[in-house]
Amino acid sequence: MMSDPKRQGEPLALEEIEGVLLPLEHARPFPGRAFVDEAVFAFELDRIFGRAWICAGRADAIALPGQWMRVMVGAEAILIVRGPDLHVRAFHDVCRHRGASLVALRASARDDGVEARPACGRVSRRIECPYHGWAYELDGRLAVAPHAPPSLDRSRNGLREVRVDTWCGFVFVTLGKEHETPPLDRWLGEPAPWLLANDVLSSLRLGRAVTYTTHANWKLLVENFQESHHFPRVHRAL
């Protein structure tokens, strides 16, 4: 499938998605293959989740030094941390020693028996790996490496950084390099006039967070969110 030269490395041919690009009154959904084909999903992980700016949460959730939140961007776990200088930084949630998560596993309340990592928390000073005790400053520098040989170059073994930025109180991260993904303000484009006039989004504060785990392709969730015909029956409070 991926070797078809007409597709130039893309798993869906143009003729398969032409109907999606038509005006709304004539448009058709993606073909079924777009929701189940592993080649399509791998393409999306690379070209969308691997390069786009992804909204990770609200900046006020990590307002204090040492506060962090952990999000999944595609298949990558990303740790977003507020430093003592109040700057927000993002790193791959991977210890440079043995690749363990820097955030200890805790049993969740999920009824399927699967353990989940906490989505947020706070450290007093450093981020410490629970496996072997390697510890990192909040700016990603390696601070403590128990049993490491003297020859270890700590300057080259800090956490792997990820691009992060904020907009109207929201935190965005991207796995894309600078030559692949433009800065966040360019990516988002010109904001709506009402945003410029009132800046209402920046004044919001996080009240609560709800997480849903859905066993479906992500595009089905986007389509359902954009379709409001089910609101009167399913979301009557709206």
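The values are calculated or read from the model by the stated rules, or taken from the named source; none is laboratory data. Since the structure is predicted, the reported quantities are computational estimates derived from the model, not experimental observations. Methodologically, a virtual Cβ is constructed for each residue, glycine included, from the backbone with ideal geometry; neighbour enumeration extends over all protein chains shown. Protein only, heavy atoms only, side chains kept; ligands, DNA and RNA dropped before computing areas. Shrake-Rupley method; radii C 1.70, N 1.55, O 1.52, S 1.80 Å.
A few notes on this one:
- Of all residue pairs spaced 6 or more apart or on separate chains, those with beta-carbon atoms under 6 Å, a first member in the range 178-198 that is part of a loop (DSSP other than H, G, I, E, B) and a second member that is surrounded by 13 or more Cβ atoms within 10 Å (Cβ to Cβ) are E180/R51; T181/R51; T181/T174.
- Among the residues of the range 215-233, none qualifies, meaning not one is of a type in the set (V, I, T) and either touching a strand residue (DSSP E or B) at 6+ places or on another chain (Cβ under 8 Å) or open to solvent by 90 Å² or more (accessible area, probe 1.4 Å) (or both).
- Leading residue by the ranking (farthest from E15 (Cα to Cα)) among those in the range 26-66 that are open to solvent by less than 50 Å² (accessible area, probe 1.4 Å) and touching a helix residue (DSSP H, G or I) at 6+ places or on another chain (Cβ under 7 Å): W53
- One residue from D199, D165, D153 being open to solvent by less than 90 Å² (accessible area, probe 1.4 Å), charged (D, E, K, R) and in contact with a helix residue (DSSP H, G or I) (Cβ under 8 Å, 6 or more places away or on another chain): D165
- Just so you know, in the range 95-126 the residues that are closer than 20 Å to V171 by Cα and either touching a helix residue (DSSP H, G or I) at 6+ places or on another chain (Cβ under 7 Å) or of a type in the set (A, V, I, L, M, F, W, C) (or both) include one that is modelled with the highest pLDDT, and it is V123.
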